Amino acid sequence: MAFKIDAASEVKRVLTLIAQSIVDEPAKVRVDAETFDNETVMRLQVAPNDLWAITGPGGDIRLSLRNLLADMSVKYKQLFALDIRATH
């Protein structure tokens, strides 16, 4: 018997795990999902001093995370976008 995976929950879990492994303050990593008509926006929040760690030099890490979401979009047949912000 196969079970259905909630795509947004799975993407959130993977994104949280990766972000927590990169930043200096993993306890402050938060990922929320907001679903619109045909797209789910993953809102990644990190501590202000960790924003550089998530974006990377020249935006390399941010681009890699977006590429990962694009691959997961294909796998789950659901469009995902990434929004990165510092917590207040």
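Derivation of every value follows stated rules applied to the coordinates shown; laboratory data play no part. Here the structure is a predicted model, which is why all the values come from computation and not from measurement. Quick reminder, even Gly has a Cβ in these numbers, built from the backbone with ideal geometry, and neighbours come from all protein chains shown.
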Review point. Tell me, what HN-Hα J-couplings in whole Hz come from the Karplus equation 6.51 cos²θ - 1.76 cosθ + 1.60 at θ = phi - 60° for each residue of the range 28-44, using x for Gly and Pro?
Key: 8, 6, 9, 10, 10, 10, 10, 9, 10, 3, 10, 8, 10, 9, 8, 9, 9
Practice item. Taking the chain as the reference, fit the longest principal axis to its C-alpha atoms, fit the long axis of helix 7-22 to the helix C-alpha atoms, and give the angle between the two in degrees, 0 to 90, nearest 10. Key: 20
Check your understanding: Helix 60-76 versus the longest principal axis of the chain: what angle, 0 to 90°, nearest 10, using Cα atoms?
Key -> 10
Revision key, fill the gap. Between the modelled labels at GLU25 and LEU63 (7 Å from Cα along Cα→Cβ) the distance in nm is 2.8
Review point. Given the Cα-Cα distance of GLU10 and ASP71 and 0.36 nm per residue of separation, how much length would full extension add, in nm?
Key: 20.7 nm
Revision key, fill the gap. Rg from C-alpha atoms of the chain, normalised by the globular rule of thumb 2.2 N^0.38 Å, equals 1.09
Review point. Non-local amide H neighbours of THR87 (under 5 Å, H modeled in plane, Pro and chain starts lacking H): which ones?
Key: VAL46, ALA47
